[in-house]
1. Using a simple spin-label model with points 7 Å from Cα along the Cα→Cβ vector, what separation in nm is obtained for residue 91 and residue 240?
2. List the lysines whose alpha-carbon lies under 26 Å from that of residue 118, not counting same-chain residues fewer than 8 positions away?
3. Which value, in Å² rounded to 10, gives the accessible area of residue 203 with a 1.4 Å probe and all protein chains present?
4. So which residue, out of 178, 14, 155, gets the largest mean-square fluctuation from a GNM of the chain using Cα contacts under 10 Å as springs?
5. Helix 2-58 versus the longest principal axis of the chain: what angle, 0 to 90°, nearest 10, using Cα atoms?
6. Hey, what do the phi angles of the range 222-235 turn into as Karplus ³J(HN,Hα) couplings, whole Hz, using 6.51/-1.76/1.60 and θ = phi - 60°, x for Gly and Pro?
7. With the cut-off at 1.5 for a/c, could you classify the range 180-233 from its C-alpha gyration tensor as rounded, prolate or oblate?
8. Given H placed 1.01 Å from N in the peptide plane, which residues other than close sequence neighbours of residue 171 have an amide H under 5 Å from its amide H?
Amino acid sequence: PPIVMARIETHLKLKAAADFLRDKNLFLEKEVERRTSEVQTLQEVTILALASLAETRDNDTGNHLRRTQLYVQLLAGKLRSHPRFDEYLNDSIITMMFKSAPLHDIGKVGIPDRILLKPGRLDPEEFEIMKKHTILGREAIEHAEHTLGLAVEFLRIAKEIILYHHEKWDGSGYPDGLAGTDIPVAARLMALADVYDAMISSRVYKKEMPHEKAVEMIGDAKGSHFDPIVVDTFMAHHEEFRLIARQYLDADAELKKSLE
């Protein structure tokens with residue numbers, strides 16, 4: 001009996017230790033999940049706050065950021081099964097595109113108000129200065145990377161969007177005159193999303209455009225301004241773009257009228 005009792009005691013201690021470790025591991029897993037969620041939320045809030053600094057200088061609301069973010073996510077989700085994009089687009093890449101899209105015009109913080117807020121067409125010299133917002137934005141991200149001493153995949157995609165979302169499929173865009181598939185995928189999606197939202201929104205230098213007219217003009221720019229496949233995807237799902245725009249209306253009533 002003493003030997004049996006000793007062995008039982010040993011096994012009870014082992015069981016108690018195993019239960020403790022299992023509970024401890026479960027606690028640690030939950031804690032890691034909680035802290036990871038907090039970091040991701042902080043990241044998203046920081047990105048939106050930084051992007052809003054630039055956006056609010058030439059817009060009355062930050063809803064442009066939210067709308068373009070959702071447009072990019074929508075396009076990427078529809079394109080991920082296309083043979084041209086299926087090897088690149090996955091859940092991780094789409095999430096990084098979604099998070100970094102609001103930073104597309106962060107470089108505008110370096111553009112003088114006399115140009116950024118000019119209520120009319122920019123002259124050639126002013127336009128050259130305006131085009132520098134792509135380079136200024138990329139440099140800001142690179143400075144942050146150097147300060148941190150590391151390269152992050154998320155920031156790589158952010159830099160692609162910032163620097164190249166004004167490039168055009170036919171090579172007539174800026175800052176580097178890239179053409180076709182030399183333009184990063186994220187920038188190609190951002191280009192269409194940004195132009196569509198600019199068309200349907202009012203600015204200091206222009207009135208808003210009806211959704212149908214914006215769709216028509218984007219269709220006309222297929223193969224010149226935009227990737228033809230991206231345009232085809234937009235044309236097939238433009239009503240979903242309209243729904244996103246309606247859900248995140250600007251403060252004024254002008255955008256609402258353009259979406260009726």
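1. 1.8 nm
2. In chain and number order, the partners are 108, 131, 132, 168, 206, 207, 213, 256, 257.
3. Near enough 40 Å² of accessible area.
4. Per the Cα network of the chain with a 10 Å cutoff, 14 tops the list.
5. 10 degrees
6. So the J values, rounded to whole Hz, are 4, x, 10, 7, 10, 4, x, 5, 5, 5, 4, 5, 4, 4.
7. Because a/c hits 1.5 or more and a/b exceeds b/c, the range 180-233 counts as prolate.
8. Placed amide hydrogens put 180 under 5 Å from residue 171.
The values are calculated or read from the model by the stated rules, or taken from the named source; none is laboratory data. In this text, all values refer to a predicted model and were calculated from it rather than measured experimentally. All Cβ positions, glycine included, derive from the backbone under ideal geometry; neighbour counts span all protein chains shown. Just so you know, the surface numbers come from the protein's heavy atoms only, side chains and all, with ligands and any DNA or RNA stripped out. Shrake-Rupley method; radii C 1.70, N 1.55, O 1.52, S 1.80 Å.
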